[in-house]
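The values are calculated or read from the model by the stated rules, or taken from the named source; none is laboratory data. The structure displayed is predicted, hence computed values, not measured ones. Glycine gets a Cβ as well: all are built from the backbone with ideal geometry, and neighbour counts include every protein chain shown. The area values use the complete protein model at the heavy-atom level, side chains included, leaving out ligands, DNA and RNA. Shrake-Rupley method; radii C 1.70, N 1.55, O 1.52, S 1.80 Å.
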Amino acid sequence: MRRLFDEHIKRQVTFLDGAWLFTTDAENKGEELGFQNGLQNAKSVIVPSAWNSQIDLYGYEGVCWYQKEFYFDGTARIVFEGVMTECKVWLDGKYLGYHYGGFCQFDFIVPDLSKGNHTLVVKVDNSFDEHSIPQKDVDWYHFGGITRSVSVEKLQGVAITYQKIDYALNQDRTEAQISFTVELYGADKKKETALTVTLDGETLFSKTLSLRKGSRHIIVSDKIKVTNLKLWDTASPYLYTVAFSTDTDDIIDKIGFRTIEVKDCKLLLNGKSIELRGVNRHEDHPEFGMTVPAAIMERDLEIIADMGCNAIRGSHYPNSRIFLDMLDEKGFLFYSEIPIWGCGFKEATLGDTLVLKRGLEMHKEMVRHYYNHPSIILWGMHNEIKTDTDNAFIMSKLYYTFLKENGGNRLVTYATCKPNVDNCFEFCDIISINQYFGWYYGTREDWKLFPDKFDRRRRELGFGDKPVIMSEFGAAANYGTHTFSDVKWTEEYQAKLHEIALQTFHDCPYMIGSFIWQFCDTASDKDMMKVKSLNNKGLLSAYREPKQAYFTAKEKYLKFKKEAENNG
Ligand code: ADA
């Protein structure tokens, strides 16, 4: 999908979205049969989409093949924005490579394609084994297919294949010291060009260089001072336009400057204490699965903003780039995580070498592709794993170390469902807790006892300086179910739970915010045995109709927002 703005003016980009050929391969015999050289008896489907949206493939788990012809001439960069979950790619029968993981972009550079039609074939597999991330037991619908856009870009001369921007602000946040990293690729015969970087049209950097055809080069700039800085903030999210260009190529991006830190058990955005008023949101819609159209994303954000939220947790995987662009533009704060989800991971699986490696790779990709988004203030390493085990300790240490060294201007967390026995708190800047009092256990009133109880534990462990986010809590309610009695599954019961929980968290001095589980009802795995196969803890129905809890949460969050505004 296109970003909210044009990423390229000079570079020719062709989206391959639209009709592709498609066939299932339930026995996984396609490679033996030579499908990579062209599909036989294939039907037409629309890319991007989840194959589960097709009427006869609703529950299909396994291998499918896709094929697309495109016209091209020159050096191509083929970009996949997201394929669920693993895939192999061939161009004109020649193997290009493999990718694991459904939620991040990957690409292949293919030099010197002859002028004419070319055939791209993709084998996609969404089945699980003991090395999968997530594991089979997962409480969201594990869609399959080419679920995000595919494009082919023409690289010419010295091409810019990646860029990221680092910065540090001075004490009063009026100046930034910026440095950037640019990856270059020699697409044509060696020729001199100037690499230029501008910020809101002002030249920051210019350097003459040349590259041999086929070679790669990385430039890391010195620090460059920018004065009279306009900050990115939730109330006024100023975005600078940064443009990287050579004679023949360019990348345009938006960046915002801000600080985020934890001090005296508070979360400080640009030095000011902020409370996160948030919801968890899946990329999910009954008609489109995970391929949510941009207009629906935009409307979701309108609803979320209207209820007084300033934060969203992208549960449980990296979200679409265009959604991140919207968050940057509207001034939302975002918690971005990878899909290492919950109880599905047995202790042994957490220690599995391939799982550890795949998880690390997912963190690397998330950091690489989302680096410049000011909205991302938190990286989430995992969700509800067995954090009382040695293997979770080792995993958390590995990922935390990576994210602290490479994650840029952000804090690191993970969501624990074992706050009383969790063994990994040293590997986070903020403790995030998922609890379900009043739903899976205990009563709604138990929420009021929780802050004191947990306070004792965090202090005993020596983590009294780490603030806490309530990253999940909630209750299911079937949209439209009302009774005269206060019982589970009714809208009233759910609403009351949120009323108690939200006020409790707001009143607790060491809690810095909450993410309600969840924004709207979402598709769950069929084997999770949920009513209508949905996770029904949404404040809205799957079709975004508000339940009573939506209005309760809105009342609370708007009240907290007003208090924050009054306190300056
Ligand atoms: C967990 C999990 C969510 C969801 C929730 C629930 O906390 O992280 O994805 O499954 O439980 O509804 O039970």
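Do you know which residues across the stretch 174-202 are over 28 Å from the mean Cα position of the chain (by Cα) and surrounded by fewer than 18 Cβ atoms within 10 Å (Cβ to Cβ)? So that I can check it myself, show each step before the final result.
Taking the stretch 174-202 first, the residues over 28 Å from the mean Cα position of the chain (by Cα) are 174-175, 186-196, 201-202.
Thr174, Glu175, Lys189, Lys190, Lys191, Glu192, Ala194, Thr196, Gly201, Glu202 - these are the residues of the stretch 174-202 that are over 28 Å from the mean Cα position of the chain (by Cα) and surrounded by fewer than 18 Cβ atoms within 10 Å (Cβ to Cβ).
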Practice task
Please identify the pairs in which a residue from the stretch 205-223 that is over 12 Å from Leu195 (Cβ atoms) has its Cβ atom under 7 Å from the Cβ atom of a residue that is open to solvent by 90 Å² or more (accessible area, probe 1.4 Å), counting only partners at least 6 apart or on another chain.
Solution key: Arg212/Lys190; Lys213/Lys189; Lys213/Lys190
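Only one of Lys364, Lys357, Lys346 is of a type in the set (D, E, K, R), over 16 Å from Arg277 (Cβ atoms) and at pLDDT below 95; which? Give the steps one after another, and end with the answer.
Values: Lys364 fails: at pLDDT below 95; Lys357 fails: at pLDDT below 95.
Exactly one residue qualifies, and that residue is Lys346.
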Practice task
Search the stretch 507-520 for residues being within 13 Å of the ligand (Cβ to nearest atom) and not aromatic (Phe, Trp, Tyr), and hand back the single one that is surrounded by the fewest Cβ atoms within 10 Å (Cβ to Cβ).
Solution key: Gln518
Fill in the blank from the handout: Only one of (1) of a type outside the set (Asp, Glu); (2) crowded, with 21+ Cβ neighbours inside 10 Å; (3) not assigned by TED's automatic domain parsing to the domain that holds Ala19 does not apply to Gly144, and that is (3)
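Residue by residue, here is whether (1) within 16 Å of the ligand (Cβ to nearest atom); (2) open to solvent by less than 10 Å² (accessible area, probe 1.4 Å); (3) of a type in the set (Gly, Ala, Ser) holds:
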residue: Lys346; (1), (2), (3): no, no, no
residue: Asp352; (1), (2), (3): no, no, no
residue: Lys357; (1), (2), (3): no, no, no
residue: Lys364; (1), (2), (3): no, no, no
residue: Asn372; (1), (2), (3): no, no, no
residue: Ile376; (1), (2), (3): no, yes, no
residue: Trp379; (1), (2), (3): no, yes, no
residue: Asn383; (1), (2), (3): yes, yes, no
Handout entry: Subset of the stretch 29-44 (residues that are within 18 Å of Ile146 (Cα to Cα) and free of Cβ contacts under 8 Å to residues at least 40 places away in the same chain)
Key = Ala42, Lys43, Ser44
Handout entry: Failed condition for Pro451, given (1) open to solvent by less than 20 Å² (accessible area, probe 1.4 Å); (2) at positive phi
Key = (2)
Exercise for the section: State which residue is most open to solvent (accessible area, probe 1.4 Å) when the search covers only the stretch 53-67 and only residues that are touching a residue at least 60 places away in the same chain (Cβ under 8 Å) and closer than 18 Å to Lys136 by Cβ. Expected result: Glu61
Completion exercise
Conditions (1) under 15 Å from Arg277 (Cβ atoms); (2) touching a residue at least 40 places away in the same chain (Cβ under 8 Å); (3) open to solvent by 40 Å² or more (accessible area, probe 1.4 Å) -> Asn567 fails only (2)
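Only one of Ala475, Ala523, Ala495 is modelled with pLDDT of 95 or more, within 13 Å of the ligand (Cβ to nearest atom) and open to solvent by less than 40 Å² (accessible area, probe 1.4 Å). Can you tell me which? Full working, then the answer.
Values: Ala523 fails: modelled with pLDDT of 95 or more; Ala495 fails: within 13 Å of the ligand (Cβ to nearest atom).
Answer to the check: Ala475.
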Exercise for the section: Among the candidates Ile303, Ile340, single out the residue that is away from the ligand (no atom under 16 Å from the Cβ) and either outside the structural domain of Tyr98 (by TED's automatic domain parsing) or crowded, with 17+ Cβ neighbours inside 10 Å (or both). Expected result: Ile303
Problem - Residue that is most open to solvent (accessible area, probe 1.4 Å), among those in the stretch 479-492 that are within 17 Å of Tyr436 (Cα to Cα) and assigned to a loop (DSSP other than H, G, I, E, B) - result: Lys488
Fill in the blank from the handout: Here the residues within the stretch 102-156 that are of a type in the set (Asp, Glu) and more than 16 Å from the ligand (Cβ to nearest atom) are Asp107, Asp112, Asp125, Asp129, Glu130, Glu153
Handout entry: For Lys189: the one exception among (1) free of Cβ contacts under 8 Å to residues at least 12 places away in the same chain; (2) part of a loop (DSSP other than H, G, I, E, B); (3) not acidic (Asp, Glu)
Key = (1)
Handout entry: Verdict on Leu276 being under 30 Å from Asp455 (Cβ atoms), away from the ligand (no atom under 16 Å from the Cβ) and open to solvent by less than 20 Å² (accessible area, probe 1.4 Å)
Key = yes
Practice task
Report yes if Ala392 is outside the structural domain of Phe180 (by TED's automatic domain parsing), aliphatic (A, V, I, L, M) and touching a Gly at 6+ places or on another chain (Cβ under 8 Å), otherwise no.
Solution key: no
Fill in the blank from the handout: Screening Ser396, Ser432 for residues that are crowded, with 19+ Cβ neighbours inside 10 Å and away from the ligand (no atom under 16 Å from the Cβ) leaves only Ser396
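Yes or no, residue by residue, for (1) acidic (Asp, Glu); (2) loosely packed, with under 14 Cβ neighbours inside 10 Å; (3) in contact with a Ser or Thr (Cβ under 7 Å, 6 or more places away or on another chain):
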| site | (1), (2), (3) |
| --- | --- |
| Lys225 | no, yes, no |
| Pro237 | no, no, no |
| Thr241 | no, yes, no |
| Phe244 | no, no, no |
| Asp253 | yes, no, no |
